[in-house]
Amino acid sequence: MSENFEGGIPSDWTTSGLWNATTSCLPSGDCGEGTAAYYGLTANCTYETGDTTVGSLMSPQYALEDGTTNLILTFCSAVVTENLGGYDVTDLYVNGVAVSSIPESDNWQQVEIELPNVSGNTIQLEWRFDSVDALYNDFRGWHIDSIMLNAEALDCTS
């Protein structure tokens, strides 16, 4: 699976809160071309709404073949928040389970996460942003781009 948001947020993806696809407010560095998924307001390049803000960017469910192993998720991320523990939380969920908090980075960074304990026949990815409070939300927010999910499948024959 791969997604780069050049055509916007795909119709089979789900968004809530401030998630949108844009070429505005982009971080520096190399990652993809042009459009990215963004948690923020493009008018002022912040997530300052005057209130607490929460939202998610969720992929559709992708079928996994029997014997799928070694799932590796890579994506580009840039997160600028107040960077104070417990506030402005940026987490990745897989099948509804939190697997990683995504670190702050003013510029694009490539994130690579091994997903060894995915159970079931499908996988669904979700990036969740939660400001936790209504204070100090005048930072750029979160950009995601160039998502790629790679998997190996074991093929056993007699």
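One residue stands out in the range 27-68 among those that are modelled with pLDDT under 95 and aliphatic (A, V, I, L, M): the one that is farthest from Val118 (Cα to Cα), namely Ala63.
Taken over the range 103-156, the criterion of being touching a Ser or Thr at 6+ places or on another chain (Cβ under 7 Å), hydroxyl-bearing (Ser, Thr, Tyr) and in a strand (DSSP E or B) is satisfied by Ser105 alone. If you filter the range 100-138 down to residues that are closer than 19 Å to Gln61 by Cβ and at pLDDT 95 or above, you find that the one that is most open to solvent (accessible area, probe 1.4 Å) is Arg128.
Can you tell me how many residues within the range 106-135 are of a type in the set (Gly, Ala, Ser) and touching a residue at least 60 places away in the same chain (Cβ under 8 Å)?
Adding up the residues that qualify gives 2.
Applying the criterion of being without any contact (Cβ under 8 Å) to a residue 24 or more places away in the chain and in a loop (DSSP other than H, G, I, E, B) to the residues of the range 15-27, the residue that is most open to solvent (accessible area, probe 1.4 Å) is Thr23. Number of residues in the range 80-102 that are in a loop (DSSP other than H, G, I, E, B) and either at positive phi or of a type in the set (A, V, I, L, M) (or both): the value is 7. Can you find, within the range 69-88, the residue that is surrounded by the most Cβ atoms within 10 Å (Cβ to Cβ) among those that are out of contact with any Phe, Trp or Tyr (no Cβ under 7 Å at 6 or more places or on another chain) and without any contact (Cβ under 8 Å) to a residue 60 or more places away in the chain? Taking the candidates together, the pick is Asp88. When we screen Asp66, Asp12, Asp30, Asp51 for residues that are open to solvent by 20 Å² or more (accessible area, probe 1.4 Å), touching a Pro at 6+ places or on another chain (Cβ under 9 Å) and part of a loop (DSSP other than H, G, I, E, B), the only hit is Asp12.
The values are calculated or read from the model by the stated rules, or taken from the named source; none is laboratory data. Just so you know, these numbers come straight off a predicted model, no measurement behind them. Please note: Cβ atoms are built from the backbone with ideal geometry, for glycine as well, and neighbour counts cover all protein chains shown. Remember, those area values only see protein heavy atoms, side chains included, never the ligands or the DNA or RNA. Shrake-Rupley method; radii C 1.70, N 1.55, O 1.52, S 1.80 Å.
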